[in-house]
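The values are calculated or read from the model by the stated rules, or taken from the named source; none is laboratory data. Note that the coordinates shown come from a computational prediction; the quantities given were computed from them, not determined experimentally. Methodologically, a virtual Cβ is constructed for each residue, glycine included, from the backbone with ideal geometry; neighbour enumeration extends over all protein chains shown. Ligands, DNA and RNA are excluded from the accessible area calculation, which covers all protein heavy atoms including side chains. Shrake-Rupley method; radii C 1.70, N 1.55, O 1.52, S 1.80 Å.
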Amino acid sequence: MKKGLIGLALLAGGLVTSLPATAGTFTLGHTWLLEIGNVKGKIPFPICRNAKGFKIEAQRDLKLDRVKVRFRNGEEKTFNYYRDVKKNQDTGVRLFGYERCIKHIEVSGNSDGTRAGVKVIGID
């Protein structure tokens, strides 16, 4: 009887660990990109935010050049895009490799109109 229960418990434990993990998302911040190209959208964090990655969502049509992320340890990582992002679409997820503590995000690009809102979404 004990062997059967132990085997059943091991089987159930194997099934639970083989289920795919779903990544949660949360809003890291919002910023604006202007039609004039030298103005960068900056999102500072008074307290660092933990995330495994991010994606950019355009609230209007825009041309996204790059996103620079600064971490708590002072390290910076630049993600180059150089592409158009249409209204209400996102760029897809960019991962850091492991969970990092983000202190600052800087978005570079131009809007097609006067200004375009940009939403940065964090990935758990």
For this session: Go through the range 68-107 and count every residue that is closer than 24 Å to Pro46 by Cβ and among the acidic types (Asp, Glu).
Result: 4
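Inside the range 31-56, can you point out the residues that are part of a strand (DSSP E or B) and either under 15 Å from Asp112 (Cα atoms) or open to solvent by less than 40 Å² (accessible area, probe 1.4 Å) (or both)?
Residues of the range 31-56 that are part of a strand (DSSP E or B), as a first pass: 31-34, 41-56.
Correct list: Thr31, Trp32, Leu33, Leu34, Gly41, Ile43, Phe45, Cys48, Ala51, Gly53, Phe54, Ile56.
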Seminar exercise, completed: Only unsatisfied item for Glu99, checking (1) of a type outside the set (Ser, Thr, Tyr); (2) open to solvent by 90 Å² or more (accessible area, probe 1.4 Å); (3) assigned to a loop (DSSP other than H, G, I, E, B), is (3)
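Tally up the residues in the range 74-85 that are free of Cβ contacts under 8 Å to residues at least 12 places away in the same chain and either among the aliphatic types (A, V, I, L, M) or in a strand (DSSP E or B) (or both), please.
Of the range 74-85, the ones free of Cβ contacts under 8 Å to residues at least 12 places away in the same chain are 74-76.
Filter once more, so that each one left must be either among the aliphatic types (A, V, I, L, M) or in a strand (DSSP E or B) (or both): 76.
Within the range 74-85, residues that are free of Cβ contacts under 8 Å to residues at least 12 places away in the same chain and either among the aliphatic types (A, V, I, L, M) or in a strand (DSSP E or B) (or both) number 1.
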For this session: List the number of the failed condition for Arg115; all other conditions in (1) closer than 19 Å to Phe26 by Cβ; (2) open to solvent by 100 Å² or more (accessible area, probe 1.4 Å); (3) not polar (S, T, N, Q) hold.
Result: (1)
Problem set entry | Pairs, first free of Cβ contacts under 8 Å to residues at least 60 places away in the same chain and more than 15 Å from Ile36 (Cα to Cα) in the range 51-73, second among the hydrophobic types (A, V, I, L, M, F, W, C) and buried (at least 20 other Cβ atoms within 10 Å of the Cβ), C-beta under 7 Å, six or more apart | Arg60/Ala116; Val67/Ile56; Val67/Ile105; Val67/Val107; Val69/Ile102; Val69/Ile105; Phe71/Ile102
Problem set entry | Odd one out for Tyr81, checked against (1) of a type in the set (Ser, Thr, Tyr); (2) at pLDDT below 75; (3) in contact with a Leu (Cβ under 9 Å, 6 or more places away or on another chain) | (2)
